[in-house]
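Input: a single structure, listed below in structure tokens.
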Amino acid sequence: SSETFWTTTGMFPQEFIIGFPKCVKISKVAIQCYLVRTLRIERSICKDPVGFEQCIEKDLQHTEGQLQMEEFPLPDFQATYLRFIIKSAFDHFVSVHRVMAEGT
């Protein structure tokens, strides 16, 4: 829902995990967030959310008053869990408004 979002509690790093019912093939991940400075995405192909490996780490552009919209193409990428780690921010609090994963 575009009316809801997840917000941090003010200290960094902060993280959240998205799980899929089974291991899926992902071709692209997109995120809409606000005031995120450095974002890392990790994946796990395990049955449980353990054994994560880093896939992407990126410094995002500061967009005052607007949501940041980032897309990450992931060719030949499989995951059961995605962990999003917000390593740093442009302010004390940030928000995540949408995460989208495309694939099969």
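The values are calculated or read from the model by the stated rules, or taken from the named source; none is laboratory data. Being a predicted model, the structure only gives us computed values, none of them experimental. Glycine gets a Cβ as well: all are built from the backbone with ideal geometry, and neighbour counts include every protein chain shown. Surface accessibility is based on the protein's heavy atoms, side chains included, excluding ligands, DNA and RNA. Shrake-Rupley method; radii C 1.70, N 1.55, O 1.52, S 1.80 Å.
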Just the accessible area for S1, please: 1.4 Å probe, Å², rounded to the nearest 10?
-> 100 Å²
Percent relative contact order for the stretch 1-85, counting Cα pairs under 8 Å at least six residues apart, stands at 44 percent
Report in % the part of the accessible area of the stretch 53-97 that belongs to carbon and sulfur, leaving out ligands and nucleic acids; probe 1.4 Å.
-> 45 percent
Treating only the Cβ atoms of Lys and Arg (+1) and Asp and Glu (-1) as charged, compute the dipole magnitude of the chain about its Cα centre; round to the nearest 20 debye.
-> 280 debye
Net lengthening on full extension, D76/E53 (0.36 nm per residue, minus Cα-Cα) = 6.8 nm
Determine the order of H97, H62, H92 by accessible area, beginning with the largest, at a probe radius of 1.4 Å.
-> H92, H62, H97
Expressed in nanometres to one decimal, the distance between label points 7 Å along Cα→Cβ at E3 and F16 is 1.7 nm
Check the straight Cα-Cα distances from K25 and name the lysines below 25 Å, setting aside those fewer than 8 residues away within the same chain.
-> K47, K58
Ignoring ligands, DNA and RNA, what accessible area per residue does the chain give at 1.4 Å, in Å²?
-> 61 Å²
